[in-house]
Each structure stands twice: as structure tokens, then as C-alpha cells.
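Student: One structure coming up, written as C-alpha cells, with questions to follow.
Just so it is clear, none of the values below were taken in a lab; they were calculated from the coordinates. Please read all numbers here as calculations on a predicted model, not as lab measurements. We place every Cβ from the backbone using ideal geometry, glycine too, and count neighbours over all the protein chains shown.
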Amino acid sequence: MRVLVFSEGFGARTLTFVYNEVKALSEFCDVHVLCTEKGDAELLQYDKVTEIKWQPNRIVRRLKWELWKRDLVLDEKNSAFSKKLNELIDSFKPDVIHCHFGFEALKVTDNFTRNDIPIIVTFHGYDATEFDNKESYKRKLKATFDRPNIFPMFVSDYIRQRVARLTVNTEKGFLLYLGIDLDRFKRRNFPDKSNGVQFIQISSFAGQKGHVYTVEAIRRFFDKYPDSNARFVFGGGGAVELDVVRAQVKKLNLENKIHFTGKINPEEVRQWLEQSHYFIHPSVVGPKGETEGLPTAIMEAMAMELPILSTYHAGIPELVQPGINGLLVNEKDIDAYVAKFVEIQEWSYCPQNRTRVFEMCEIKSHTRQLISVYQKVIHLTLGVNKA
């Protein structure tokens with residue numbers, strides 16, 4: 001089976017879940033990746049990648065932006081991109097095209113209008129939640145998914161429900177949780193707590209990751225428990241929020257309590273998780289209404305048997321069962337978060353968390369299910385074109 005995967009920034013550190021899916025899928029299928037900009041060269045250990053730059057005419061781009069800003073029209077047609085896209089498709093002859101993120105996928109669906117090749121579009125988070133007040137986005141998605149060969153996919157049931165609010169026919173779609181490599185994320189050591197406990201959050205510093213609320217909760221925690229030997233680690237980099245969070249930490253005199261790792265690669269992620277006792281991820285609705293889908297960072301931490309402290313946000317409760325896999329609090333409830341900092345320290349490592357992830361998110365099972373979906377949409381598209 002030949003699969004063309006579209007991911008705008010393939011290889012970016014914030015899109016490792018796409019890279020991991022491609023690598024796993026390539027063991028069974030001929031997978032070619034299309035992107036508009038290649039990501040981190042250190043992570044991009046995959047050869048079958050074509051980069052087609054997205055370079056619309058400046059005047060046309062400005063006009064389209066004004067129409068989008070005024071919520072009149074959303075149009076991603078681009079003749080130069082369309083020509084190269086169709087040449088790639090004619091050359092590679094994919095059996096199925098798989099696009100990641102609903103908004104970005106329009107670059108493909110607006111510029112490849114044939115109905116003989118099935119197209120799957122995976123919604124991950126912001127693409128299902130940030131623009132639900134944009135009528136032009138709803139109209140565009142409805143028209144796109146009304147095409148018989150285009151099918152939505154959702155990384156959590158919460159995202160499925162949000163996509164339905166965008167007037168997309170979700171009945172023709174598929175729910176498939178993202179997959180992680182349990183062989184990579186496997187605990188080898190179990191650090192004791194004699195020298196203190198370590199909480200860690202690994203993510204980008206986007207607004208919906210909730211770092212500013214974590215920092216305020218840490219301040220209140222140490223105000224209440226000044227003799228605590230707890231340590232806090234923020235792993236990851238990128239996004240403008242990083243500078244905001246660093247400034248907040250400095251202002252609150254928490255620089256000796258919170259450590260920033262900077263950018264870390266997948267192996268360093270595993271190492272930091274292995275050195276830690278608890279994983280925190282206080283996701284919140286972002287400033288533009290954007291949400292998570294189901295953070296892969298939580299899946300990886302659970303695979304490493306860490307108890308999870310997170311929020312009732314998006315698809316997180318579909319994975320984290322309060323009292324079994326960890327603890328959940330309401331978004332932005334800082335006092336509750338402080339209380340859970342204390343409560344969760346009574347927990348030890350959680351082998352049941354690894355079992356939970358194995359059942360829902362194991363990469364080999366994910367890949368088998370994904371191939372099964374491909375086979376279904378190929379059959380459905382073939383039937384439509386024969387009719």
C-alpha cells in the first residue's frame with residue numbers, strides 16, 4: 001500500500017507523534033511525506049520527504065487574509081502549489097492520502113480536487129476548537145467533508161464531539177488514539193525519594209499547556225510547605241510563552257525550585273521521565289479557545305509508570321482515570337492543584353499506567369488499526385467511483 005502523508009512542518013519537535021507514526025507505518029507500507037517546511041534535522045531521520053514551499057502571491061495572500069479575518073471566505077487554492085502537488089501524486093500514485101490537522105489539510109484538499117483517491121484528515125486539537133466561531137471555517141469544512149472521498153479522523157472522543165460542532169459529518173469518521181513506542185518508553189530504574197521528589201512537565205510552552213498556572217501553584221505550595229524537598233522540572237522549548245514563564249519564575253523567586261531543561265530530544269525525554277516521580281500537565285483552554293486533543297506527553301509518562309497530575313481538559317479524562325492512573329483537577333483551580341501536589345506524593349510508581357497505555361495507545365496496535373482504516377476508505381472510495 002502506498003501512503004502519502006501531509007504534515008506541514010514534518011520533523012518539528014512539537015510534531016514527533018506524526019514522525020513516529022510515519023516510521024511505524026513505513027514498516028508495512030510505502031510511505032512518502034509531503035511538507036511545506038522541513039523541521040529539525042536532528043529528528044528528521046526519514047528519507048522519503050518532499051518539501052513544496054507554500055509561497056502565495058503577496059497581494060493574493062493579503063486579500064485572502066482580509067476575507068478570512070472578516071469571516072467571509074476561507075480559500076487555500078494556490079496554482080503553484082497545486083501544480084507540484086498533483087505532479088507528486090501522479091508520480092507516487094498513492095492509494096491513500098493522510099493529512100494531519102484539519103486547517104492545514106485544506107492546502108491539500110483545496111488543490112487536489114479529484115475524488116478517486118481517499119483522503120483522511122486527522123484532527124488533533126486546535127483545528128477542532130480554535131475556529132468554532134468562524135462560519136467561513138465551518139462552511140469550508142462541511143464542503144470538504146461532503147466530498148465522498150474525504151474522511152475525518154479524531155485523536156480523542158472529545159475532539160470528535162468538537163468536530164461535529166463544526167458541521168462535519170463525523171459519522172463517516174474514525175476515532176484512533178495516537179500511538180507511542182512502549183519499547184522506547186520503558187522504565188529501567190526506580191529512583192527512591194530519600195533525596196526529595198521530582199515533578200516534571202514536558203511539553204512546548206504554548207498557552208494551553210498551562211505553565212503559568214503551574215508556576216503559581218508551585219509558589220503557593222512552597223509558601224505553605226517551605227521545608228518541602230520537592231523539585232520541579234519544565235522540559236521542552238519553543239513558543240513565546242517560554243519567555244513569559246521564565247520571567248514569572250524569576251519574579252516569584254522560584255529559580256532555585258524550578259529547572260528548565262531547554263529543548264530535549266526523545267531519548268532525553270525518556271531519561272528525564274526516568275529520573276522523576278510524578279508527571280504534571282495542567283492543560284487549559286488557550287487564549288483563542290484552542291484545546292489539546294490528548295497529549296502524547298501524558299501517554300509517554302504513563303508508559304514510564306509515573307502517576308499523572310493533570311486537568312479535566314479535552315481528551316485527558318479518556319486516558320487518565322482519577323484515583324487509578326493519577327489525579328485530575330479543574331482547569332486553573334490553583335488551590336486544588338496545590339492540594340494534589342501533596343496528595344500525589346503518597347503514590348508510588350504505577351505499573352497500571354503502562355497497562356492502560358498498552359491497551360489504548362501502543363504504536364504497533366495503532367499502526368494495525370490505521371492500516372485497517374486505510375483499507376476501509378480505499379474500499380469506500382472505490383465503491384463510490386464505480387457507482
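Student: When Rg is the radius of gyration of the Cα atoms in the stretch 279-335 and Rh is its Kirkwood radius, what does Rg/Rh come to?
Tutor: 0.95
Student: Under a point spin-label approximation (7 Å from Cα along Cα-to-Cβ), what is the Lys364-Asp40 distance to one decimal in nm?
Tutor: Rounded to a tenth, the inter-label distance reads 2.7 nm.
Student: Past 19 Å, Cα to Cα: identify those pairs from Lys83/Lys107; Lys23/Lys53; Lys107/Lys209; Lys77/Lys107; Lys48/Lys140, in the order given.
Tutor: Lys23/Lys53; Lys107/Lys209; Lys48/Lys140
Student: Using 0.36 nm per residue, how much length does the chain from Asn330 to Leu380 gain when fully extended, once their Cα-Cα distance is taken away?
Tutor: Result for the pair: 13.8 nm of gain on full extension.
Student: For the stretch 1-125, just say rounded, prolate or oblate: build the C-alpha gyration tensor, square-root its eigenvalues into a ≥ b ≥ c, call rounded for a/c under 1.5, and beyond that prolate if a/b exceeds b/c, oblate if not.
Tutor: Prolate, because a/c is 1.5 or more and a/b exceeds b/c.
Student: Using alpha carbon centroids, what distance separates the stretch 353-378 and the stretch 87-162, in Å?
Tutor: Measuring centre to centre over Cα atoms gives 20 Å.
Student: Report, to the nearest 10°, how far helix 351-361 tilts away from the longest principal axis of the Cα atoms in the chain, using its own Cα long axis and a range of 0 to 90°.
Tutor: 10 degrees
Student: Put one equal scatterer on each alpha carbon of the stretch 92-154, apply the Debye formula with no solvent term, and list log10 I(q)/I(0) at q = 0.17, 0.26 1/Å to two decimals.
Tutor: Calculated log10 I(q)/I(0) at the listed q: -0.54, -1.20.
Student: With each label point set 7 Å from Cα along the Cα-Cβ vector, what nm distance links Ser372 and Asp132?
Tutor: 2.9 nm
Student: Anything over 26 Å Cα to Cα? Flag those among Lys64/Lys332; Lys186/Lys250; Lys250/Lys332; Lys224/Lys250, in the order listed.
Tutor: Pairs exceeding the cut-off: Lys64/Lys332; Lys186/Lys250.
Student: Right, something else. Trypsin sites (Lys or Arg not before Pro), restricted to the stretch 58-120: which are DSSP loop and have at most 11 other Cβ atoms within 10 Å?
Tutor: Sparse-neighbourhood loop trypsin sites (Lys or Arg not before Pro): Arg70, Arg114.
Student: Filter the trypsin sites (Lys or Arg not before Pro) in the stretch 227-319 to those in DSSP coil with at most 14 other Cβ atoms within 10 Å of their Cβ, and list the result.
Tutor: Lys263, Lys288
Student: Kindly list the residues of the stretch 342-359 that lie in the label zone of Arg187, defined by a backbone N under 16 Å from the point 7 Å along the Cα-to-C-beta vector.
Tutor: Zone members listed by number: 344-358.
Student: Given a Förster distance of 30 angstrom, what is the FRET efficiency for Ala247 paired with Tyr312, based on the Cβ-Cβ distance and rounded to 0.05?
Tutor: E between Ala247 and Tyr312, to the nearest 0.05, is 0.60.
Student: Please check which bits of the stretch 220-236 a label hung off Asn195 would reach, taking the label as a point 7 Å along Cα-to-C-beta and the cut-off as backbone N under 17 Å.
Tutor: Within reach of a label on Asn195: 229-233.
Student: Could you give the nm distance between label points at Ala80 and Gln271, where each point is 7 Å from its Cα heading toward the beta carbon?
Tutor: 4.2 nm
Student: What FRET efficiency comes out for the pair Asp116/Phe260, r = Cβ-Cβ distance, R0 = 35 Å, nearest 0.05?
Tutor: The pair Asp116/Phe260 has a calculated efficiency of 0.10.
Student: If you plug each phi of the stretch 172-184 into the Karplus form 6.51 cos²θ - 1.76 cosθ + 1.60 with θ = phi - 60°, what whole-Hz ³J(HN,Hα) values come out, in order, with x for Gly and Pro?
Tutor: Coupling constants for the stretch 172-184: 8, x, 9, 9, 8, 5, 4, x, 10, 8, 5, 5, 6 Hz.
Student: Compute the length gained on full extension between Asp71 and Arg139: take 0.36 nm times their separation in residues and subtract their Cα-Cα distance, giving the result in nm to one decimal.
Tutor: Once the chain is fully extended between Asp71 and Arg139, it gains 23.4 nm.
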